[in-house]
1. Considering only residues that are surrounded by 23 or more Cβ atoms within 10 Å (Cβ to Cβ) and within 28 Å of Ala159 (Cα to Cα), which ones fall in segment 181-200?
2. For Arg162, are the conditions met, namely being open to solvent by 60 Å² or more (accessible area, probe 1.4 Å) and out of contact with any Gly (no Cβ under 7 Å at 6 or more places or on another chain)?
3. Between residues in segment 86-115 that are in a helix (DSSP H, G or I) and residues that are hydroxyl-bearing (Ser, Thr, Tyr), which pairs lie under 6 Å by C-beta distance while being six or more apart or on different chains?
4. Yes or no: segment 203-211 includes at least one residue that is more than 25 Å from the chain's Cα centre (by Cα), under 18 Å from Asn155 (Cα atoms), open to solvent by 20 Å² or more (accessible area, probe 1.4 Å) and not small (Gly, Ala, Ser).
5. Against the condition in contact (Cβ under 8 Å) with a residue 24 or more places away in the chain and open to solvent by 10 Å² or more (accessible area, probe 1.4 Å), how does Ala266 come out, does it pass?
6. Pull out all pairs, ordered by first then second residue, where Cβ-Cβ is under 8 Å, the residues are six or more apart or on different chains, the first lies in segment 217-241 and is more than 11 Å from Ser93 (Cα to Cα), and the second is open to solvent by 30 Å² or more (accessible area, probe 1.4 Å) and part of a loop (DSSP other than H, G, I, E, B).
7. Would you tally the residues in segment 433-450 being touching a Phe, Trp or Tyr at 6+ places or on another chain (Cβ under 9 Å) and either free of Cβ contacts under 8 Å to residues at least 12 places away in the same chain or open to solvent by less than 60 Å² (accessible area, probe 1.4 Å) (or both)?
Amino acid sequence: MRTGRDRFSDSMEFSDKDLQKLVVPVVIEQVLAVLMGLADTVMVSSCGGAVVSGISLVDQISVLLVGLFSALAAGGSIVSAQYVGHGERKLVSKSASQLYLSMGFISSLFAVFAIVFNNQILNIIYRNLEPDVFSSASVYFFFIALSFPFLGLYNAGTALFRAFGNTKISMNISLIANILNIIGNAMLIYVFKMGAAGAAISTLFSRIISFVLILFYLFRSADLDFKITLIPDFSILKKILFIGIPTGIENSIFQVGKLIVSSFIAGLGTVVITANAITGTIANIQNIPANSIGIVLVTVVGQLIGASDEKGALKYTKKLIKMAYIYIAVIGIFIFIFADKICLLFSLDAATTDLVIIVLRYNCIATMLVHPLSFALANSIRAAGDVRYTMAVSISSMWIFRIGLAYFLGIYMGYGLLGIWAAMTIDWLVRAVFYVTRIATGKWLSHRNAIIDSN
């Protein structure tokens, strides 16, 4: 694997040890990210169901906004990875500067929008919320919106380091940020009794620290001549946006769909809202391997496509997907067996606990069957530049299955939260079928020269 001084050499082999060096730090980082959410949820759960519900509803909105500029980071990562594979050191540096320029502008714009229209956004998306739930959501949303620019620029920095195959830096920063976040939660929630505001302020502070640290490492990096620029280079931006815009549209529609489904859940009462939030938090732990390997696939496949090694891209895609299945099965079996014990971590009533256990165990089985093919595999297709295909599949499957079927099963047929989660996993299955077919036919490589050959 290209590491250190030889990143721009001609060697493009990834040994098992190389892949583990890429995957393990990302897995640890993803675990830490989930722990941050878990720590927030566990600590805030002591404040009551209204606070937990308010935070979970805002998280659905913030994921939508954050997903837009995360897509831009993904575009920069894929462009940079392909330049690394092609040996274009100067273009990697240019793409890094342009990514930061565009990310700073877009993430700041989203922050201002979310702050100014805080209550209006909540009222439009979630109608008829209970007053105490709305109050918690409003306060939490304000402080989280302040963190958007710091989170966006941090994501851009981590995307650049991953393009080189360096996943340890973001892992180390994530460790520091999570420790600070947990300490902040303990102080602001338990000592100062600040509830949702305490959880949000602690998250804001940890994201500011993450941004400062990633910027420090970028300026010290030996792999690129990083500079902050206010002058756009449209030839580079065009390539970043070639990946970023379709990915952003895909992420946005996906999150809009999740918000619509969340509105279904919001109408089912506080017990169901809380159960959905807790189930989602625990389920995220099982998704870590597939999510982590999906991130690594961008690096590996992007570099191999840049080096015009299509056979290698397919080889390592298969290898990493198999790895995701092994990891996800081990975690899934553990969660399935100990679901009732895990629920003891939260301050839940009996009705909520029973609902969490049922939905969580169903999700464990579905995740072990199809999740890696639904999400991790899509990143190989994106890394080859075939982003319009994943966008079309994602949007179509979302509206037909995740939204339409969720309403039919969960609301119309009366299966509630379990019916809604069943619709979600059927959406996964449909995506998996289309992505596997795309890989099998070789059509995912049809756009592989869009970035390199347009220099």
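The values are calculated or read from the model by the stated rules, or taken from the named source; none is laboratory data. Just so you know, these numbers come straight off a predicted model, no measurement behind them. Cβ sites come from the backbone with ideal geometry, for glycine too, and all protein chains shown count toward neighbours. Protein only, heavy atoms only, side chains kept; ligands, DNA and RNA dropped before computing areas. Shrake-Rupley method; radii C 1.70, N 1.55, O 1.52, S 1.80 Å.
1. Asn181, Asn185, Ala199, Ala200
2. Here the answer is no, as Arg162 does not meet what is asked.
3. Leu91/Tyr83; Val92/Ser80; Val92/Tyr83; Ser95/Ser80; Ser97/Thr229; Leu101/Thr229
4. Checked segment 203-211: no residue is more than 25 Å from the chain's Cα centre (by Cα), under 18 Å from Asn155 (Cα atoms), open to solvent by 20 Å² or more (accessible area, probe 1.4 Å) and not small (Gly, Ala, Ser).
5. yes
6. Lys239/Ala450
7. Summing the residues that are touching a Phe, Trp or Tyr at 6+ places or on another chain (Cβ under 9 Å) and either free of Cβ contacts under 8 Å to residues at least 12 places away in the same chain or open to solvent by less than 60 Å² (accessible area, probe 1.4 Å) (or both) in segment 433-450 gives 4.
Residue-by-condition table, conditions (1) at pLDDT 90 or above; (2) of a type in the set (Val, Ile, Thr); (3) closer than 30 Å to Lys90 by Cα; (4) out of contact with any helix residue (DSSP H, G or I) (no Cβ under 9 Å at 6 or more places or on another chain):
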site	(1), (2), (3), (4)
Asn119	yes, no, no, no
Val139	yes, yes, no, no
Pro149	yes, no, yes, no
Thr167	yes, yes, yes, no
Met171	yes, no, yes, no
Asn185	no, no, no, no
Ala200	yes, no, no, no
Leu213	yes, no, yes, no
